[in-house]
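Input: a single structure, listed below in structure tokens.
The values are calculated or read from the model by the stated rules, or taken from the named source; none is laboratory data. These numbers were taken from a predicted model, which means no experiment stands behind them. Side chains are part of the model used for accessible areas, which takes the heavy atoms of the whole protein and leaves out ligands, DNA and RNA. Shrake-Rupley method; radii C 1.70, N 1.55, O 1.52, S 1.80 Å.
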Amino acid sequence: MKKLCLSLAISFSLSSALAAQWGYGDDNDNWGSISNKYATCNEGRAQSPINIDTRYTKSASNSLTMNYKTDSTKVSNNGHSVQVDYDMQSSVVFKNKTYKLLQLHFHTPAENKIDNKRYPLEVHLVHKSNDGQLLVVGVLFEEGKSNSELKKILAQAPKHEGEVALKTSINPLSLLPKYRGYYAFQGSLTTPPCTEGVQWVVMKSPIEASRRQIHDMHDILHDVARAIQPTNNRLIESAN
């Protein structure tokens, strides 16, 4: 089902400026024709999401440190995702550079693939450095045991567009796998305007959520995943 929604100037809550309408489904591959502001969606050479082909990754040392706190402030349904905002007290350090956690949001099904495998759900933790560079940590979900943190989010998230203050904090660490191996590559926002220069870190190991939780998130969002984009010989680092 096609789902149209209003885009923010960068992505989700990173800007409050409204832009042209865009959607998923039939419009997913044609965002660049909607507005000149979205031209990068069609013309960019380092777009996200991608299929991570593990045969062509380059080994690298693990350069990721996470310093997360339970400083979540509100949860919103912006018409194309469920999003939890943070008070910028949490951060990650990647290759000696610090990025503060702005928000996390969900995509059903998952956007990134690993060896052509599509997972049913993905969370993106969006960070920003002092010089304005974005880093997104992607975590994939597979069907399994109930996820306690996802349960808190689903219990508080608006079923229709809107936002509410969180009564129960959301701990980002509980949305990460115990094994912190990852794939890293340069990419873009996965929503218009598809800005490039985004550092991506996709965790190798998925975490679990129950079938009901995955269904409930999909019931709110429907299909909100951008199509896989060409890798165009980008370097993909693999760290254990």
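Hey, what's the per residue convex hull volume over the C-alpha atoms of the stretch 126-240, in cubic angstrom? Spell out each step's value before the answer.
Numbers: hull volume 17.0 nm³, N = 115.
Per-residue hull volume (Cα only) is 147 Å³.
Of the cross-linked pairs Lys151/Lys204; Lys95/Lys178; Lys69/Lys145; Lys37/Lys97; Lys37/Lys151; Lys113/Lys178, which ones have a Cα-Cα span greater than 31 Å in the structure shown?
Working: Lys151/Lys204 23 Å; Lys95/Lys178 20 Å; Lys69/Lys145 24 Å; Lys37/Lys97 29 Å; Lys37/Lys151 37 Å; Lys113/Lys178 20 Å.
Check vs 31 Å cut-off fails for Lys37/Lys151.
With a 1.4 Å probe and every protein chain left in place, work out the accessible area per residue of the chain in Å², rounded to a whole number.
Numbers: 10870 Å² over 240 residues.
Normalised by residue count, the accessible surface of the chain is 45 Å².
Can you give me the % of accessible surface on the stretch 145-206 that is carbon or sulfur? Probe 1.4 Å, all protein chains present, nothing else counted.
Numbers: 1440 of 2750 Å².
Here carbon and sulfur together make up 52 percent of the probe-accessible area.
For the chain, calculate the relative contact order in percent as a whole number, restricting contacts to Cα pairs under 8 Å that are 6 or more residues apart. Don't skip to the answer; put the middle values down first.
On the way: 598 pairs, mean separation 62.9, N = 240.
Computed over the chain, the figure is 26 percent.
For the stretch 129-186, how big is the tail of P(r) above 15 Å, as a whole percent of Cα pairs? The partial results should precede the final answer.
Numbers: 1074 of 1653 pairs.
Tail of the P(r) past 15 Å holds 65 percent of the pairs.
Of the heavy-atom accessible surface of the stretch 50-136 (probe 1.4 angstrom), what whole percent is carbon and sulfur? Before the final figure, lay out the partial values.
Working: 1480 of 3520 Å².
Looking at the stretch 50-136 in its full context, I get 42 percent from C and S.
Taking a probe of 1.4 angstrom, what is the accessible area of Ile228 in Å², to the nearest 10?
60 Å²
Aspartates and glutamates within cross-link reach of Lys159: Cα-Cα under 18 Å, excluding same-chain residues under 8 positions apart?
Qualifying aspartates and glutamates at Cα under 18 Å: Asp85, Glu149, Asp216, Asp219, Asp223.
Please list, ordered by chain and number, the residues whose modelled amide H lies under 5 Å from the amide H of Lys204; skip anything fewer than 5 residues away on the same chain.
Placed amide hydrogens put Gly181, Tyr182, Tyr183 under 5 Å from Lys204.
Which value at 222 nm does the chain reach when only helices count, each DSSP H run of 4 or more adding -39,500 (n - 2.57), with the total divided by all residues and rounded to the nearest 500 deg cm²/dmol?
Values: 3 runs with 25 residues, N = 240.
My calculation for the chain gives -3000 deg cm²/dmol from helical runs alone.
State the label only: which of [x] 1.02; [y] 1.00; [z] 0.93 corresponds to Rg/Rh (Cα atoms, Kirkwood Rh) computed from the shown model?
Step by step, Rg/Rh (Cα atoms, Kirkwood Rh) for this structure corresponds to label [z].
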